[in-house]
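Quick notes on the structure that follows.
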Amino acid sequence: MIRKPARKETARKPNMREAILAAAEELFSINGFNAVSVRDVAQAAGANPGSVTYHFTTKDGLLLGIYQRHCAPMNQRRSELLAAAARVRDPQDRLEAIVRAYVLPAFSSGSDLAGGGARFTRLRAIMSAEGNEVARRIIAQTFDDTSHAFVDAICACLPSIPRAEIVWRSQFLLGALYYTLVTPERVSRLSRGETNGADPAEAIEQLVQATVASFQAPALDRGEPARTPPKIPASAGPLPR
């Protein structure tokens, strides 16, 4: 059963195409891509299925439209900030500026409009978890160029760290970014109210400082023998959430 949005958006949609995009983004972010049909999207948008296929041809085209709606301004802003970071002379300050150039645009819209927002981040996290091949292609098409530029800039700052390890650490940053935007209440709860997980300025600085430290960690010593991972007892419960 498809879960519907808790409330209808009150903002006036400028046209049917935007109404369909907004409805699809909301449904995909709640139910995932695979569980939602074109008919579900049309019903939520107050349209008929023919309108969805007229504007986007297929459900795959609809998902691509959602990514393009958000990521064109997000990637443009990242590129602008990355160019500014490259002009910073102090190596430590430059590294921090590069990481901030990646993190900041994801927080740039608290209203879930183009350029960022928690709803789109939740959708991205769900798409990654589903392992959908269509989503994989769209993500690569949308983000790989800016991701390569980001990794290149980090490598230039840290020439002693192999590129493969920079890629691993940037992958961890992406996971942290997803989790920070999607479940801010967890930070508030586990800190017992000492900090507010929904404070974007605090979240950005914490992410930047933690990521810079991880990038600067020494490279793995490949000369050491591989360690055997510890055995987890069968009775062990799930990881804490």
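Any idea which of Ile154, Asn132, Pro200 is furthest toward the positive side of the dipole for segment 115-212, if Lys and Arg beta-carbons carry +1 and Asp and Glu beta-carbons -1?
Asn132
Hey, can you grab everything whose amide H is under 5 Å from the amide H of Phe33? Only 5+ residues off in sequence or another chain; H modelled, so Pro and N-termini drop out.
Those lying under 5 Å, H to H, from Phe33: there are none.
Along the Cα→Cβ direction, 7 angstrom out, place labels at Asn196 and Thr53. What is the inter-label distance in nm?
4.9 nm
Fully extended, how many nm does the chain gain between Ala129 and Ala219 (0.36 nm per residue separation, minus their Cα-Cα distance)? Intermediate results must be reported in sequence, preceding the final value.
Details: separation 90, 0.36 × 90 = 32.40 nm, distance 2.85 nm.
In short, 29.6 nm is gained.
Set the Förster distance to 35 Å, then compute FRET efficiency between His148 and Glu185 from the Cβ-Cβ distance, nearest 0.05. Don't jump to the answer; show the numbers that get you there.
On the way: r = 34 Å, r/R0 = 0.97.
Efficiency for this residue pair is about 0.55.
Bear in mind that the values in this text are calculations on the coordinates, not laboratory data. Only a predicted model underlies this, so the values are computations on that prediction, with no experimental measurement involved. Ideal geometry is used to build each Cβ from the backbone, glycine not excepted, and the neighbour counts take in all protein chains shown.
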